[in-house]
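Only the coordinates and a few stated rules stand behind these numbers; no lab work does. These figures come from a predicted structure and were not determined experimentally. In this analysis, Cβ positions are derived from the backbone assuming ideal geometry, glycine residues included, and neighbour counts consider all displayed protein chains.
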Amino acid sequence: MLLVADGLVQARGLRKRFGDFEAVRGVDVDVARGEVFGFLGPNGAGKSSTMRMIACVSPRTDGSLQVLGMDPDVDGPRIRARIGVVPQLDNLDAELTVRQNLQIYGRYFGLSRAHVRAKATELLEFAQLTDRADDEVEPLSGGMKRRLTIARALVNEPELLLLDEPTTGLDPQARHLLWERLYRLKREGVTQIITTHYMDEAEQLCDRLVVMDGGVIVAEGSPAELIERYSTREVLELRFDPALRPEAAVIAPLAERVEELPDRLLLYTADGEHTHAEVARAGFVPLSALVRRSSLEDVFLRLTGRTLVD
Amino acid sequence: MTTQAPAPVPWLRLFPAGSYAGRSHALLLRSATASGRAWLAFVSGFFEPVFYLIAMGQGLGSLVGMLPGPDGAPISYAAFIAPGLLAASAMNGAVFDATFNVFFKLKYGRLYEAMLATPLGPVDIALGEIGWALIRGGLYALGFLSVMAGFGLLVSPWALLALPAALVVAFAFAAVGMAATSFMRSWQDFDLVTLAILPMFLFSTTFYPLSVYPRWLQIVVECLPLFHAVELMRGLTTGVVHLGMLGHLTYFVVMIAVGVTVASRRLDVLLLR
């Protein structure tokens, strides 16, 4: 197992139970140094619970877990000293300024006053917050707070960065800026584990990902591999007048596979335009038709029978 | 960049591995930085017992006259209540910080969650927060002791020990206050804090001697922590020192041990699930 020897995270049969509810039900994960690894799944799939176990802030119920070659149950503080955590909800210190948030957080890691002072200046630059350095945290925009939270997670120069839904609730511009910063970190060799329920985010950022649903992993691979394995090259989306909408079974022979959504039919096919022509020839008249490339959303729909809910 | 493994302390076996990184001073630094803008709270906490001392010690005292001191020798009413107010100000400063401020950070700021993502553990957080409450209680006590000195109410060199004693008292109230806060569910529960603190302040021999109560009520008062704090302070500021005062100290040492342990364990249960 050569890959495992260099693995930053290795989980086997990982489980987490809260009372009667089992949030994570036997998960195997290997994350290699330098890669960006994603947990994709709807809310409640067990992504955050898995992340918390990896972050050493939630003891596992069962299974084995190694982070940076150590067991979180035994070496939690030692592991936490070498990782950075960006939680789902910002938990910045509202009683401190932007700069103080970075400096004081660095002190929690035992870094010297001089070190955190220099580091904070560097990270403010990275987060594009230099001109807000001495402001309070509360008036910052959502995107700024997020960037500050990420900068804060980098104060100890972590080998592994854990990001739990990093762009949830941000506007598109703020998301793109954040993604660009995460690319930059990847180029610098920081291993990242990201949870998300955004397909585009997973496709943009992740080298490899697992799709989670109901506490288990239902698929694993690179975004392109997953699309190839679980979907067709193209998708034809048809919208019908509800009164004239044909049964999925009637239209099924025209495509490799048909998914029925509340507002439209998805026809999975290698050639969307060709299928569109056949639909017309068979006498169906959709209100609108759209041909697009398959995405991870389609993979998820195939694997779970549901679209991702936000 | 290396993180030292915490030295094994036997007492820490009560907690899961990694509960203590030996870095609670980082929390003190955080509180000191954050309180740079909260001077007003400090000032008001300082003046409260001073107002009591003037209103009751000077005003009411002129009607009351002399009262028996700890050894039976008569002392002025102001000299009698001043150590009581000293103990109460140490208590108030510590309790306020360890309850209201801690509750806010726990429920709304999610500050401790952020800290637990670093090498810090629940014991670091408990000691750091209790430590800050203790410093606050200690500062109030120091301020009030200076006022007492100004009024000529410190008549014995033993009074120098009143400050460390006040720190012990503040530590104990902060520890128990933080432990209690960890069980609170909403701001309504803070009425219970007031319900515990106010009668204790009024009836723990702060303003008159224990002898005014019937015996059964004396026993109840003797169980209260503030009673032991007042006795300790009154002995030290009037110079009536005896070995029995170690009993009062023991009371606070137990409070500290129980408070720190319960507060740390509760942080573990609440945040590290």
Tell me the net charge near B:A174. Cut-off is 13 Å between Cβ atoms, B:A174 excluded, with +1 for each Lys or Arg and -1 for each Asp or Glu. -1
Vicinal HN-Hα couplings computed from phi for region B:181-192 (Karplus, 6.51 cos²θ - 1.76 cosθ + 1.60; Hz; Gly/Pro x): 4, 5, 9, 7, 9, 8, 5, 4, 5, 6, 4, 5
Show me, for region B:211-222, the HN-Hα J-couplings you get by feeding each phi into the Karplus relation (A = 6.51, B = -1.76, C = 1.60, θ = phi - 60°), rounded to Hz, glycine and proline as x. 5, 6, 8, x, 4, 5, 6, 4, 5, 4, 4, 5
Distance in nm between A:E225 and B:Y208 label points, each 7 Å along Cα→Cβ, equals 8.4
Counting other chain Cβ atoms within 10 Å of each Cβ in A:153-162 and taking the mean gives 1
Given the peptides A:131-138, B:85-92, arrange them by the average over their residues of other C-beta atoms within 10 Å, most packed first. B:85-92, A:131-138
Extension gain from A:R113 to A:A282, taking 0.36 nm per residue of separation minus the Cα-Cα distance: 53.4 nm
Just add up the charged neighbours of B:L271: K/R +1, D/E -1, any other residue whose Cβ is under 15 Å from the Cβ of B:L271. +4
Residues whose built amide H sits under 5 Å from the amide H of A:R208, excluding neighbours closer than 5 in sequence, are A:V36, A:G38
Please compute the Kirkwood hydrodynamic radius of chain B from all pairs of different C-alpha atoms, in Å with one decimal. 19.5
Which shape class, rounded, prolate or oblate, goes with region A:64-204 when its Cα gyration tensor gives a ≥ b ≥ c as root eigenvalues, a/c under 1.5 marks rounded, and past that a/b bigger than b/c marks prolate? oblate
Taking the Cα centre of region B:39-271 as the origin and placing charges on Cβ (Lys, Arg +1; Asp, Glu -1), which of B:M66, B:A94, B:V50 is farthest toward the positive end of the dipole? B:A94
Could you list which residues have their amide H under 5 Å from that of A:T191, counting only those 5 or more apart in sequence or on another chain, with H placed in the peptide plane? A:G34, A:L161
Could you tell me which residue out of A:L182, A:L290, A:P172 lies farthest along the dipole of the protein assembly as shown toward its positive end? Charges go on the beta carbon: Lys and Arg +1, Asp and Glu -1, centred on the Cα centre. A:L182
Point-charge dipole on Cβ atoms (K/R +1, D/E -1) for region B:194-273, about Cα centre, debye to 20: 200
Arrange the peptides A:209-219, A:111-121 so that the one whose residues have, on average, the most other Cβ atoms within 10 Å appears first. A:209-219, A:111-121
Dipole of region A:1-73, Cα-centred, from +1 at each Lys and Arg C-beta and -1 at each Asp and Glu C-beta, to the nearest 20 debye? 200
Please list, ordered by chain and number, the residues whose modelled amide H lies under 5 Å from the amide H of A:V24; skip anything fewer than 5 residues away on the same chain. A:K16
For the pair B:V258 and A:S64, how long in nm is the line joining their label points, each one 7 Å along Cα→Cβ? 4.5
Ellipticity estimate at 222 nm from DSSP helix runs (n ≥ 4, -39,500 (n - 2.57)) divided over chain A, nearest 500: -10500 deg cm²/dmol
Would you look at the GNM of chain B, springs on alpha carbons closer than 10 Å, and say which of B:T205, B:T238, B:T118 moves the most? B:T118
Peptide B:117-127, shielding by other chains (average Cβ, 10 Å cutoff): 5
How many partner chain Cβ atoms sit within 10 Å of a residue's Cβ in peptide A:101-108, on average, as a whole number? 5
What is the magnitude of the charge dipole of the protein assembly as shown about its Cα centre, with +1 placed on the Cβ of each Lys and Arg, -1 on the Cβ of each Asp and Glu, and no other charges, expressed in debye to the nearest 20? 1520
Rounded to two decimals, what ratio of Rg to Rh does the protein assembly as shown give with C-alpha atoms and a Kirkwood Rh? 1.14
Taking B:240-247, A:222-229 and ranking on average Cβ neighbours within 10 Å, highest first, one gets A:222-229, B:240-247
Could you derive backbone 3J(HN,Hα) for region B:70-76 from the dihedral phi with the Karplus parameters 6.51, -1.76 and 1.60 (θ = phi - 60°), listing whole Hz in sequence and x where the residue is Gly or Pro? x, 9, x, 5, x, 10, 5
